[in-house]
Amino acid sequence: MDKYFEGKRFLVTGGCQGMGKGTVLELWRLGADVVALSHQAENLAKLKSEYPSIETACVDLSDWHATREVVDSLGLFHGLVNCAGVVFPESLLECTLEAIDQTMNVNVKGIINVTQILANKMIKNNIKGSIVNISSQTSKAAIKDHVAYAASKGAVDSMTQVMALELGPHGIRVNAVNPTVVMTELGRRVWSEPSKSQYMLSKIPLGRFAEVQEVVNAIVFLLSNKASMINAVHLPVDGGFLAT
C-alpha cells in the first residue's frame, strides 16, 4: 500500500497519543495529508516537531462551539477517524455526574459534532469517503467499573449505524472499530498488574492484549477502498474476547 492515500486528506481526533497517533503516522506514511486534533497542546507540539508535514489543531472536544469553529476552519477532508475519548473507571454505585457528563461530552457529543461538520462539507463538495469511529468491546460485553464508558461506547455503536444509513447514499461509509485492551503507554500502565489483567486475558483466546498497530491496521483498512462495500459494521479487534 505504498503511498496508497496520496492526494487524500484525513482528520484524526485524539491524534497525538496512542491509537490516534498511530493512525496519524500510518496515514502519513501512506502518503495522506493528515491533521491531528487534540486538546493536548504539548503533545501536539512534540508531534509537529517530529513530523513537520503533519498538521495539528488544538481544541477541547467537550467544548461544542469551540470545536465547531476549529474544525470548520480546517477545510475539506476525504475521511475522519473519531479516536478521541475519555474513560473514568467508576462503578455504577460510585459514578459521579461529572464523570458521566465529561464522558458523554467527548465520547458521544464530540463525535456527532465533528462528524456533522466534516460530512456536510463532504456532501456539498461531492467527496466520497470513509469515517471510522473508535468504539470498544465494552459496548458488547460488560466490564466492571466502566458504566459511563460502556454507555458512551454503546452510543457510538448505535450512532455508527445511523450515520452509515444517512451518509451511505452520499458515498460516505461509516464503521466502528471495537478494540479490547490496547497496549498504549496508558494501557501498559493500567493493565500491567497481573491481578487486574488475569481475568481479562483469560477471556481472550489469543491470550494477549492488542498492540496499537493491530488496531491501526483495522482503521486504515476501513478507510481504504479495499473496504468499499463495508458499511455500518462494528469490527472487533479483540483476539476473540466476544466469543467467550
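What follows is calculated from the coordinates using simple rules that are stated; it is not laboratory data. Please read all numbers here as calculations on a predicted model, not as lab measurements. Methodologically, a virtual Cβ is constructed for each residue, glycine included, from the backbone with ideal geometry; neighbour enumeration extends over all protein chains shown.
A few notes on this one:
- Cut-off of 10 Å, at most 12 other beta carbons, DSSP loop: longest stretch of the chain lacking such GluC sites (Glu not before Pro): 95-244
- For the chain, the residue among 53, 184, 172 whose Cα projects farthest onto the positive side of the dipole built from Cβ charges is 172.
- Three-way shape label, the range 83-136, alpha-carbon gyration tensor, a/c 1.5: prolate
- Here the range 1-43 has an Rg and Dmax of 10.3, 32 Å, counting Cα atoms alone.
- Cα gyration tensor, the range 107-244 - rounded (a/c under 1.5), prolate or oblate: prolate
- Fluctuation leader among 44, 223, 97 - the chain, Gaussian network, Cα springs under 10 angstrom: 97
- About its Cα centre, the dipole of the range 144-202 is roughly 140 debye, where the only charges are +1 on Lys and Arg Cβ and -1 on Asp and Glu Cβ.
- Nearest-20 debye value, the chain charge dipole, Cβ charges on Lys, Arg, Asp, Glu: 640
- Residue-span extension gain [residue 40 to residue 225] - 0.36 nm each, minus C-alpha spacing: 63.4 nm
- Size of the range 142-198 as Cα extents on the principal axes (Å, biggest first): 48, 22, 15
- Overall form of the chain per C-alpha gyration tensor (a/c, 1.5; a/b vs b/c): rounded
- Taking a point 7 Å out from the Cα of residue 6 in the direction of its Cβ, the residues of the range 17-34 whose backbone N falls within less than 12 Å of it are 30-32.
- Residues listed by number, the range 10-44, amide nitrogen under 15 Å from residue 121 label point at 7 Å toward C-beta: 10-13, 33-38
- Fewest-first sequence of 234, 65 by Cβ atoms within 10 Å of each Cβ: 65, 234
- In this structure, the residue pairs whose Cα-Cα separation is over 29 Å, taken from 21/128; 128/153; 3/203; 121/226; 3/140; 3/121, are 3/203; 3/140.
- Its Cα centre serving as origin, the range 34-110 has a Cβ charge dipole (Lys and Arg +1, Asp and Glu -1) of approximately 280 debye.
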